[in-house]
Each structure stands twice: as C-alpha cells, then as structure tokens.
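These notes concern the structure reproduced below.
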C-alpha cells in the first residue's frame with residue numbers, strides 16, 4: 001500500500017521521557033526515564049518514528065578549505081578520488097547522531113546453598129552492559145501491612161546504600177565467571193536461614209537510562225518460607241505444595257493467631273519450621289534501549305570549470321540508508337526536483353521528493369553517495385530514512401545544506417537550523433509567532449497525498465463490487481491500512497502545532513460560581529482548541545468542571561489492605577464535604593492483578609481489594625447526598641490478559657470484554673499483539689490496548705457509560721495518559737459526558753548535572769500538547785508545578801516560581817483552567833515516597849496551589865493529619881474570595897527566600913522565610929492566615 005511522504009518541515013520535535021513506579025510499592029516496569037540534555041536526539045514512537053539529530057557546535061566550515069574528493073569511491077571506507085584544483089569547498093559539516101537501538105538480554109536469579117546449611121545465597125545478574133543497581137528489601141515474617149524493609153546490616157553486600165527506611169541499593173559488578181563474548185553483571189546476597197526473613201523483594205534499575213525492570217509489573221519476590229501468597233510476582237516457587245494457598249493457607253494463619261502462639265518469637269519459630277528452601281535458577285527476558293553514536297558528513301564543492309555543485313554524503317549508520325531529498329530554488333524552502341540525471345538507485349516519491357539509496361561500503365560499515373547539481377539552486381534539503389517507520393531529521397526540521405557561500409546566511413535565519421542553542425530558541429519563537437497560513441499550506445501539501453490514499457481505499461471497500469468480491473479478511477486489512485494512514489497524517493499534522501505561550505492561552509473572562517464559562521478564544525494557529533464566548537455563562541466543561549472545583553484524592557497506596565476502604569470512606573464523607581471539597585477521586589474499582597488496582601483484568605468485575613460493587617454504590621450515593629461529586633480512576637492504556645495464546649504469551653482476555661490479540665498494540669515485543677502500532681508510550685508490564693481498533697473504542701465507551709449509569713461516577717481520572725493519543729480521550733469523554741476529567745500525563749523534568757533547569761517550558765509544553773489533543777475536554781495534573789515547587793521550597797530558591805516572562809512557570813501559567821495542581825499523591829508520597837514533597841514544607845505548597853488558579857488537588861494523607869486545620873482554612877479563603885481555575889496572578893516578588901503574588905486583586909500571599917507585606921495603597925489588606933513561612937491576606 002502507498003505510504004506517506006514526510007513533510008518538508010518538521011517544526012515540532014517530541015522529546016519524551018518516562019517516569020517509573022515499581023512493584024507493590026513500585027508500580028511501573030521497564031520505563032525509560034532519562035533526563036533531557038541539550039543537543040540530544042529526540043524521538044517519538046507514534047505513529048512513524050521521526051528522529052531529530054544533534055549537530056556538534058563548531059563542526060561547520062563555511063569558507064573554502066582544502067580540496068575534497070570530487071567523486072566518492074564505493075570500494076573503500078574513505079572516499080579517495082582525484083582532487084580538482086579548480087573547485088572550492090562551500091560547505092562542510094559533520095552531524096553527530098544518537099540513534100536508539102534495542103538490545104535483548106536476560107535477568108538471572110539463582111538461589112543456592114552457600115557456605116553451610118544455614119547460609120544460603122541469592123545471586124541476581126544481568127547479561128546487558130550498563131550501570132545496574134539492585135533496588136531491594138526484605139519482608140519479615142511478623143510484618144503486617146509492609147512488604148519492604150531494610151535487611152540486617154550483615155546481609156548487605158559491599159557498596160550498598162540505604163534508601164530511606166525501606167530499601168537498599170547495591171551496584172552489580174562484572175562477574176569473573178563471564179563467558180567469552182558475554183559479560184554478566186551480578187550481585188550476591190548471603191542470608192541466614194534462621195533469620196526471620198520471609199521474602200526478598202527487588203527490582204533492577206539501570207542508572208544510565210533510568211529504566212526499572214520488574215516481574216509481570218510487580219516487584220520480583222523470592223520466597224524464603226512456604227506460606228506466602230502468590231500475587232503473580234514470585235520467582236523460583238516450588239511446584240506442588242511449595243506455596244500454601246486456599247484452605248492450607250487459612251490453616252497456617254490459624255496457627256499464627258495469638259491464641260496459638262504465646263509471643264512474637266513463637267510466631268517466628270512456627271514460620272521457620274515451615275521453611276523448606278530449594279535452590280533454583282531462573283531467567284527473565286529484558287529489552288534495553290540504548291543510544292548509539294553515529295554521524296553524517298555532508299560537504300559541497302563548487303566546480304569553477306564545470307559550473308556544477310558536487311554534494312557528498314557519508315554516514316556510518318548501519319543497514320540501508322535512503323536520502324529523501326529535493327532542492328530549493330529560492331528562500332521559500334519549497335521542495336522541487338532538479339533536472340536529470342539522478343544518482344543510481346534514485347526513484348520519485350509521490351511527486352513530492354526523490355529517494356536515493358546510498359551505496360554500502362565493501363567493509364559493511366556505513367554508506368555514501370554523491371549528488372551532482374546544477375548551479376542556481378539555493379539549497380539541498382533532505383531527511384534520512386532508515387526503514388518504513390524511522391526517519392532522521394535535524395532538530396525537527398529538514399537538513400538544509402547551502403549550495404553556495406551566498407546562501408549560507410539562510411542557515412542562521414531561523415527558518416532551518418542553528419548550531420547555537422540560543423539561536424535555536426530564537427528560531428522557535430519566530431516559528432511560534434509567524435504567519436500560520438504558510439504552516440497550514442505546508443501541512444496541507446504534506447497530507448494531501450495521504451488523504452487521497454484514504455479516499456481511494458474508502459471508495460474501494462465501500463463499492464458494491466468490492467463488497468461482493470473481497471473477503472471479510474481483505475476488507476479488514478483495508479480498514480487497518482486506512483487507520484494507519486490516518487494516524488500517519490495526524491503525526492505530520494501534529495508536527496506543525498507550534499508551542500503555546502501564555503498569550504496563546506489567555507483566560508481573562510470572569511466566572512460566576514457555580515456556573516462555568518469556557519476559556520476565551522485560544523489563539524492556536526490551527527484552531528485545535530477554539531472556545532469562543534458569547535455569554536459569560538455556558539454549560540459545564542469536562543476539562544474544568546464548574547471552574548471552582550477543589551479535588552480530594554480519596555485514598556493512598558495502602559488503602560486496599562483493609563479490604564473495606566469503601567466502608568471506611570463513607571464515615572468520612574460528611575467531613576470531606578464540610579472541609580470544602582467538591583470532588584473526590586476514588587481508587588481504581590476493577591478486578592486487578594495488583595491489589596492497588598492499576599493492573600486491571602475484568603473491567604466489568606467491580607469486586608476489588610477496596611470493597612465490592614454494592615459497597616461502592618452506597619459510597620457514591622452518600623457522597624452525592626453531601627454534595628461531593630465522584631471521579632473514577634480508569635486505566636484505559638493497558639489491561640492484563642487472562643489466557644495465553646498458542647505461543648504461551650498472555651494476550652487473550654476474558655470476562656465480558658473477551659478481546660483477542662487484535663486488541664493489543666503490535667510494537668510491544670512482550671505481548672505479540674496483532675493490532676496497529678501504539679499511538680503513545682508503551683507500559684511494558686501489561687498488554688497495551690490498541691485504541692485505533694473500532695471494537696475496542698466501542699467497548700470502552702459502553703463501559704464508561706455503564707460506570708456512569710450503574711455506579712454513578714461523575715467523571716474520570718485517566719491513568720497513564722501518555723500511553724495513547726489524546727484524540728481517543730476526546731472520543732471517550734464526548735461519549736461518557738463527565739462533569740470533570742483529568743489525565744495523568746507524567747513526564748520527567750529537565751535537569752543539568754542533577755540540578756533542575758530554571759526553564760521548564762519543554763516539560764509543560766508536552767502536557768499542554770496532550771490537553772490540546774483532547775480538544776481541551778480533559779485537564780491534566782500539573783507535574784511541572786509540583787517539580788518546580790520541590791526545588792523552590794526544598795533548596796530555598798523561590799525565584800524559580802516565576803518564569804522568564806513573570807508568569808507562573810508550570811502548566812498553570814499557560815493554560816490555568818486545564819491545570820490540576822497538586823503537591824503529593826499515592827505514587828509520590830504515601831508509603832512509596834518516590835518523589836516526596838520536601839518535609840515540613842507541605843503547607844507552603846498548599847498555600848501556593850489553594851490561592852492560585854487551576855484546580856487544586858489535596859492528598860488524603862495530608863487531609864487526615866496535623867495539617868487538616870490549615871488546609872481547611874486555605875480552602876475557606878479560596879471559596880470566600882471566589883478564586884477559580886482561571887483567576888489571574890500578578891507575581892510581585894520572586895527572590896531567593898520569598899515568593900509573593902496577588903490573585904484577582906482579592907488575595908495577597910507569600911511563601912518562604914523572606915519578608916513581604918502588601919502595601920495599603922489603593923486598597924487595604926487584612927491578614928487571613930499565617931503559619932510557618934507563609935501568609936495570606938484578603939482585600940478589605
């Protein structure tokens with residue numbers, strides 16, 4: 001089938017990073033979390049991989065240099081030909097590339113008898129090179145409610161570092177027993193079988209990439225006694241009676257009751273009597289993505305006698321490399337064909353460009369090619385194609401190679417590329433503020449061919465003759481091809497969306513509670529979000545709710561353990577309403593492989609570790625009775641299978657939605673899906689659902705509608721929203737019509753040498769992009785603001801709370817109505833503590849988010865703590881002054897030790913140890929609240 005030409009100008013690179021959660025206490029597996037660095041190659045997975053390469057500063061030569069080869073040799077690694085004395089070098093540059101490459105390996109786990117019968121040894125290894133760290137802890141026999149504790153000091157291998165009070169990190173060292181050609185990195189842990197340790201839990205971390213590796217989406221668990229419950233993450237379990245389950249486990253639990261044991265020591269003794277260790281060896285496959293260094297050398301010579309330009313390209317990229325190219329006759333940058341002859345292995349691509357296969361070198365390392373061009377052209381433009389789904393370009397733009405010294409300044413014009421980072425930023429701002437009609441014309445030119453292909457396919461499949469002659473399988477194949485082309489057209493279209501600035505997202509209309517108004521017109525150049533106002537009062541928007549919402553996260557990471565959370569929360573419903581909360585976010589309600597609910601299995605089975613479906617209905621009903629709306633935590637990105645396919649892979653689903661492997665994306669090697677490629681980032685712990693499939697979307701919309709009708713949910717919290725295109729979210733929200741919806745688009749902030757950069761525009765831009773893809777139908781958690789608050793409060797750097805233009809530096813500074821601000825949640829805080837807010841600074845954080853625009857979210861653990869009174873006071877001040885999601889902020893001070901701002905000219909606030917008092921000029925101020933390093937004033 002025909003494929004799409006890449007656009008002449010990719011304006012918008014999509015760097016992406018991943019967060020991690022691991023296990024019971026570490027939820028997400030195998031996700032890359034590398035920090036962004038200048039000049040690195042950025043790439044996107046969806047739907048065609050378009051890579052942006054980095055140029056090494058100072059590598060360009062824009063003046064005549066020593067003679068270069070007139071023609072490239074194809075028989076040696078270095079081009080060696082006769083040198084022409086009558087030619088000048090007008091351009092020479094080396095582009096340094098970092099190309100991602102997947103490498104397969106294995107994690108090895110070995111348990112064996114050590115020095116004697118009492119000392120055993122656990123060895124964990126990895127066959128892939130890297131800076132590997134074992135993040136591990138132990139579970140003691142008498143522990144209740146905790147699966148991670150630090151091991152005794154004599155159990156910790158050399159080089160181990162304690163992590164808070166629950167884990168140890170130990171580096172893996174290269175094994176002396178490594179086989180020739182294969183290195184094994186491993187760590188050995190010795191333990192005494194007479195100790196009270198029930199299990200060793202661990203995950204493997206690659207510090208080079210930030211990736212975490214788990215077992216079936218959970219921590220690896222090595223049992224050291226025979227009575228542990230198998231949650232699907234146990235390794236090395238014995239067959240037969242190795243694990244006591246069902247009635248046997250109940251009998252064992254009875255033995256451990258207080259009446260059966262006189263003391264804690266008796267409980268330990270009874271458990272140790274049940275210890276029956278057997279050695280084992282087990283391997284787990286892993287896939288690591290590494291960055292490989294490559295380069296592309298481009299030079300241009302002008303022949304004075306022949307009046308020709310010779311352009312030479314050489315690269316060490318492996319495999320077949322195709323140059324997708326054209327020429328520019330003027331500064332318009334429009335791609336055109338030069339006159340023939342063309343280099344060997346050249347073909348036309350949809351009347352849009354030429355494609356030339358570079359000639360492989362005899363050594364097999366790299367390829368090269370020469371292009372002879374007439375005078376009169378301004379530039380040679382190209383991108384590189386490595387395969388059907390992988391393209392390389394330059395910082396989101398085409399490679400733009402000047403063909404004469406007179407055209408060199410065009411490189412620095414902001415229209416193509418710049419080696420200077422500052423110039424590159426200026427270039428981006430020019431693109432943002434430029435005339436959008438040109439961009440739309442370019443988008444149209446790039447997607448016309450794809451749209452025509454789609455029309456032809458639709459005409460083909462819908463014709464009467466086609467229905468009679470084509471088999472159902474053939475028709476399905478055509479439909480899949482249509483979906484792929486549509487996704488590719490979206491990718492090209494998306495690459496032209498410019499970055500938003502605070503002026504693009506101005507929201508200065510007034511709100512009258514409790515009715516909502518939509519945002520003022522958002523000046524998106526392509527009008528993806530365009531909500532013009534005709535009156536100050538319109539219907540509720542799912543992206544904002546009423547505009548005055550205050551969200552409570554109604555659970556933490558441990559809430560499932562009682563099995564009666566819904567019942568316990570009912571007792572707190574009236575209290576939550578009295579504190580001023582308007583919306584509560586409940587935990588995932590579905591049957592799940594993990595007890596926390598984030599590995600859903602049967603979506604229509606709502607009997608979970610938090611309670612049963614009837615208890616959930618009663619809770620929702622009682623929350624409604626006290627005026628609190630309810631969000632359901634829905635996991636749409638992935639789903640755990642209940643059956644294996646013929647290859648033994650878990651990708652066949654059960655229950656009411658008994659999907660087969662067509663519902664699973666095709667580009668996750670772990671689950672062998674037969675769907676299309678993922679439209680987002682893969683979550684490798686479970687099968688990622690292919691939302692491009694019509695039957696999948698239909699079933700999900702019906703399920704969401706059922707949850708609204710049967711349970712009474714008022715809206716949704718969308719888990720791992722980075723995993724699938726925001727356009728599908730828009731479809732689901734329009735079908736389920738929620739009162740309010742918020743997505744979890746989690747991404748890593750930008751750091752330099754472990755210090756957070758001041759400018760986090762790239763980070764908040766990615767969140768804005770996702771919201772925009774939903775057409776503004778959903779808000780998103782403002783991870784940018786949380787991260788900046790961490791550094792500002794934790795390091796006493798309050799100047800960070802103002803961006804370069806004097807606005808709030810998070811999503812709340814660019815699109816406040818869609819920003820859901822927070823300082824903690826079940827992942828970052830609770831017993832996981834992966835990114836815990838600076839201790840003792842929590843109320844400063846709430847003083848910020850509860851006085852500023854956006855929709856503030858308060859964490860359950862903070863509500864029911866010593867902070868409750870201060871949080872209640874801040875909520876009361878917010879409601880009393882009618883602060884809403886679009887309120888205006890005037891930052892009056894952002895210095896090392898103090899941040900101060902005025903909100904809607906109704907509130908003044910300051911956080912930090914430094915001094916600030918609002919002046920009693922045109923208005924008088926009354927102190928409304930104060931505490932440790934914060935004060936709030938109200939206008940009289």
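Most simply put, the range 582-718 has about 45% antiparallel DSSP beta bridges, counting only bridges with both residues inside it. Full extension of the chain between residue 175 and residue 293 gives 39.8 nm of extra length, using 0.36 nm per residue less the Cα-Cα distance. Multiplying the residue separation of residue 754 and residue 656 by 0.36 nm and subtracting their alpha-carbon distance yields 30.5 nm.
Ordered by the count of other Cβ atoms within 10 Å of each Cβ, fewest first, 861, 633 give 861, 633.
Taking every DSSP beta bridge with both residues inside the range 551-887, roughly what % is antiparallel (nearest 5)?
25
Extending 7 Å from Cα along the Cβ direction at residue 917 and again at residue 320 yields two label points whose distance is 7.7 nm.
Fewest Cβ neighbours within 10 Å first, please rank 745, 604, 281 accordingly.
Final ranking by Cβ density, sparse to dense: 281, 604, 745.
Placing dummy labels 7 Å off each Cα toward the beta-carbon, the span from residue 612 to residue 304 is 9.4 nm. Once the C-beta distance of residue 182 and residue 340 is scaled by a Förster radius of 56 Å, the resulting FRET efficiency is 0.65 to the nearest 0.05. Annotation: peptides 706-716, 300-310, ranked by per-residue average of other Cβ atoms within 10 Å with the highest first, follow the order 706-716, 300-310. Ordering 717, 923 from the fewest to the most neighbouring beta carbons within 10 Å gives 923, 717. Counting 0.36 nm for each residue step from residue 347 to residue 365 and taking away their Cα separation leaves a gain of 4.1 nm. One Cα centroid belongs to the range 698-739, the other to the range 619-674; the line between them spans 13 Å. Reported to the nearest whole Å, the Cα centre-to-centre distance from the range 540-593 to the range 333-376 is 60.
Put the Cα centre of the range 866-940 next to the Cα centre of the range 165-224 and the gap is 49 Å. The mean of 1/r over all pairs of different alpha-carbon atoms in the range 551-887, once inverted, gives a Kirkwood hydrodynamic radius of 20.6 Å. With R₀ fixed at 30 Å, the C-beta to C-beta distance from residue 118 to residue 208 puts the FRET efficiency at about 0.20.
On the basis of the beta-carbon distance and an R0 of 51 Å, residue 895 and residue 332 show a calculated FRET efficiency of 0.60. Remark: spin-label model distance residue 106-residue 799 equals 5.5 nm, labels positioned 7 Å along the Cα→Cβ axis.
Any read-out appearing in this document is the output of simple, stated calculations on the displayed coordinates, not a laboratory observation. Computed from a prediction, not measured in an experiment: that's the story for all the values here. Note that each Cβ is placed from the backbone with ideal geometry, even for glycine, and that neighbours are counted across all protein chains shown.
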